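Colleague: Structure in structure tokens, see below.
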Amino acid sequence: MSGEVRYERVGSLDLLDGKEGCVVVLRRDGTRVALLRTGDGIVAFEALCPHAQGPLERGEIDGAVVTCVLHGWRFDLARGGCETHGYQGIRTYAVEVREQSIYIGIEG
Ligand code: FES
């Protein structure tokens, strides 16, 4: 990896209907990526719990933390770290909105 980040369009801003808590899941190169509208904007994260593949987009969202619906592991959506078991986190993506489109940052 070069460490460079390139931004890839993943969809229209219309995907998220403007309400806080709205979430959609996309597939990108075999990875489930969730886009979530928060009070501060949009966050993007890998929507697969590393514990037992729980669907993180269905988890309880509290600010910038999601709690997995299956066994309660908690993940920081800003940095991807696991708050309950620090050794294993999730991938998160930088997000930009340009001209009504959503882009996520992919490290190359
Ligand atoms: S599958 Fe997410 S905590 Fe177990």
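Colleague: Loop-only check: which chymotrypsin sites (Phe, Trp or Tyr not before Pro) in the stretch 38-108 are DSSP coil with at most 14 other Cβ within 10 angstrom?
Modeller: Answer in residue order: 87.
Colleague: Let me ask something else about it. What translational D, rounded to a whole number of µm²/s, comes out for the chain from Stokes-Einstein when the hydrodynamic radius is the Kirkwood one over Cα pairs, at 10 °C and 1.306 mPa s?
Modeller: It diffuses with D of about 113 µm²/s by this estimate.
Colleague: Which length gain, in nm to one decimal place, applies between residue 70 and residue 51 when the Cα-Cα distance is subtracted from 0.36 nm times their residue separation?
Modeller: Going from the current span to full extension adds 5.9 nm.
Colleague: At a 10 Å Cβ-Cβ cut-off, how would you order 32, 37, fewest neighbours first?
Modeller: Going from least to most buried by this count: 32, 37.
Colleague: Just flag the trypsin sites (Lys or Arg not before Pro) in the stretch 58-108 sitting in loop per DSSP whose Cβ has no more than 15 other Cβ atoms within 10 Å.
Modeller: Taking the stretch 58-108 and a limit of 15 other Cβ atoms within 10 Å, the loop trypsin sites (Lys or Arg not before Pro) found are 79, 91.
Colleague: Test of understanding: ordering 56, 26 by Cβ neighbours within 10 Å, fewest first, what list do you get?
Modeller: Lowest to highest Cβ neighbour count: 26, 56.
Since every read-out is calculated from the coordinates, none of them should be taken as a lab result. These numbers come from a predicted model, not from an experiment. Quick reminder, even Gly has a Cβ in these numbers, built from the backbone with ideal geometry, and neighbours come from all protein chains shown.
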